[in-house]
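Before any comments, here is the structure.
Just so you know, all these numbers are worked out from the coordinates, no wet-lab data involved. In this text the structure is predicted, and so the values were computed from the model without any measurement. Virtual Cβ from ideal backbone geometry, glycine too; neighbours counted across all protein chains shown.
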Amino acid sequence: MDLGKSMGFLKIPIWWFKSSSHRKHGENTQDQVNGMTCKMDALQVSPAGDSPEYIHTDMDLCYAGNIEIAGEASLEDLKMQAMTLLCCQEQIVPLPSFLRAWTVDDSKRPAKLLRNNKQQLNDYKLGARVEICIEPLQKEEHLGPHELLLRVQMGIPGERDYYDSTDLVWDISKECTTWALRQQVASHYCLPVDKIEIAKYFPERFEWLPISSWTQQISKRKRKKKQESLQSAPYHLKDGDIIGVKNLLLDDTKDFSTVRDDVGKEKQRQLVLQKQKSRQAERLHDHVFSEEKLNIKHRKPEVALSINVGVFR
């Protein structure tokens, strides 16, 4: 059992990151060098001792260090303690409310957004092996229990790429439907709701799932029916999800994928092929080994050969 955990203390690895929405175009060379240094440091000082795949390359991410904190401490206390770590001191943070805290999933991506600065850490049921990443903000944030945080990014017309993402806080207390999200995104970009297409990104699969066309929502009969929540299958919409947006006034393509997705899918395909070949080789080896054992087992034991020769006189 973890001694710190049993004594009511949590030992938590802290990561510090800036998402693409907080990176400015035209960063100076020193900033770029610092960002690369953070990535290299994170590769070398990984708390879990994992491979370089530990780093999510879409973000400037650096391992800041471990903190030890009581389970009775608040989320605000955790943020304040994280602010004292060396890697986190590169940016001035006036208050803990200028920080977001996320748990980190097995793929080393932000997973669950921790809300309510006054809540005790024990209430989050973090577990003994939890890791936390801290995201700096440009302004204070106090998300309510029914506010969903999404990363929305507009497609670049004529290119298979996107502009930097921006944060969209969406109040889902009334409804969390396709129509409501489309209205929210259209309002965010000051576009007509019928002139956008949207899709959710699944980074672990490098795939985009289009969120139904607005024309499917017009029927009054359909509007009367209770629509399925986007938080259920197949979208499973949650905090931190990336929503791709197409401005149909400038870009009528329905392909949300990028070159990076092509590369990612090809790497996954090669990995699957390698695993299949490895399994086939193992099966072949096992088969040959079994045949050899079978041949040895059924081979009759050797016996001495004796010849009786009659006596002729």
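Taking the empirical scaling 2.2 N^0.38 Å for compact globular proteins as reference, region 147-197 has a Cα radius of gyration ratio of 1.19. The value obtained for region 80-188, namely the Cα convex hull volume divided by the number of residues, is 165 Å³ per residue. If you bin all the Cα-Cα distances of region 147-257 at 10 Å, starting from zero, the percentages per bin are 14, 50, 32, 5. A Förster radius of 30 Å combined with the Cβ-Cβ distance from Lys254 to Lys112 puts the calculated FRET efficiency at roughly 0.40. Pairs over the 27 Å Cα-Cα cut-off, from the set Lys112/Lys200; Lys108/Lys238; Lys125/Lys267: Lys125/Lys267. At full extension, Asn66 and Gln91 could sit 7.1 nm farther apart than now, given 0.36 nm per residue minus the alpha carbon distance. The residues neighbouring Val130, those whose beta-carbon lies less than 10 Å from its own, together hold a net charge of +3 under the Lys/Arg +1, Asp/Glu -1 convention.
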